[in-house]
Amino acid sequence: MTDSFLYTSPTAEISRPLVEQLTDEYNSRYGEDFGDSSAEMNRYPPERFAAPDGAFVLLLRDGTPIAGGAFMRYDETTAEMKRIWTDKDHRRQGLARLILVELEERARQLGYGRLYLTTGFKQPEARHLYLTTGYSALFDVAADPEIYGSLPFEKFLSGPPPGYVPTLVTPPEGGWKAARQAQLAKQA
């Protein structure tokens, strides 16, 4: 059994099974609330995950993708982590942690000092992963995550700047569902 990393694109044929599986997972967890997850998966052009500002990596086992993830430029000093994912048949092996470590090192090499990410409230395993790998929650971890909808995290690769005080997000009034309904009403 040989594991290796492959930097590629989310549109590469080798990436397709993992990207499709992640899209299906988003649909099963959030479909009733957000509809088809294909729009979310296609929100960013693949170039956003390419050098020199981003990266898309797969973890291959004997040539088959078993986990993956990406980042893109958020601002001049921050990379936004996206799509950290493990194949459904290879979970609970610490593979998402391996992807995070690999992406963090690549972001460091590209000069980023801070990482930012969000995960959905229906992904408790992702929330746990980030809380146990040095990411700071930018929300009240004691609150029901559903009121936020999206759970933001950050991590400084070399420690926060002197005097840094994180800004915690405030949940939308009435929770994310009320905010989503208001957004849809404005669009109508």
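A few notes on this one:
- Pairs with Cβ under 7 Å, 6+ apart, first in region 123-150 and more than 22 Å from Thr23 (Cβ to Cβ), second part of a helix (DSSP H, G or I) and among the aromatic types (Phe, Trp, Tyr): Ile147/Trp176; Tyr148/Trp176
- Residues that are over 22 Å from Glu105 (Cα atoms) and of a type in the set (S, T, N, Q), drawn from region 125-162: Ser150
- Unique match (being more than 18 Å from the chain's Cα centre (by Cα), under 26 Å from Gly113 (Cβ atoms) and at pLDDT 85 or above) among Pro45, Pro52: Pro52
- Residues in region 25-41 that are farther than 24 Å from Glu102 by Cβ and modelled with pLDDT of 75 or more: Asn27, Ser28.
- Contacts under 7 angstrom Cβ, first residue in region 1-19 being assigned to a loop (DSSP other than H, G, I, E, B) and at pLDDT below 90, partner surrounded by 12 or more Cβ atoms within 10 Å (Cβ to Cβ) and not small (Gly, Ala, Ser), 6 or more apart: Met1/Arg61
- Listed here are the strands (runs of 3 or more DSSP E) enclosed by region 25-144 that have at least 1 residues being surrounded by fewer than 16 Cβ atoms within 10 Å (Cβ to Cβ) and out of contact with any strand residue (DSSP E or B) (no Cβ under 8 Å at 6 or more places or on another chain): 64-75.
The values are calculated or read from the model by the stated rules, or taken from the named source; none is laboratory data. Bear in mind the structure is a predicted one, so any value in this text is a computation, not a measurement. Virtual Cβ from ideal backbone geometry, glycine too; neighbours counted across all protein chains shown.
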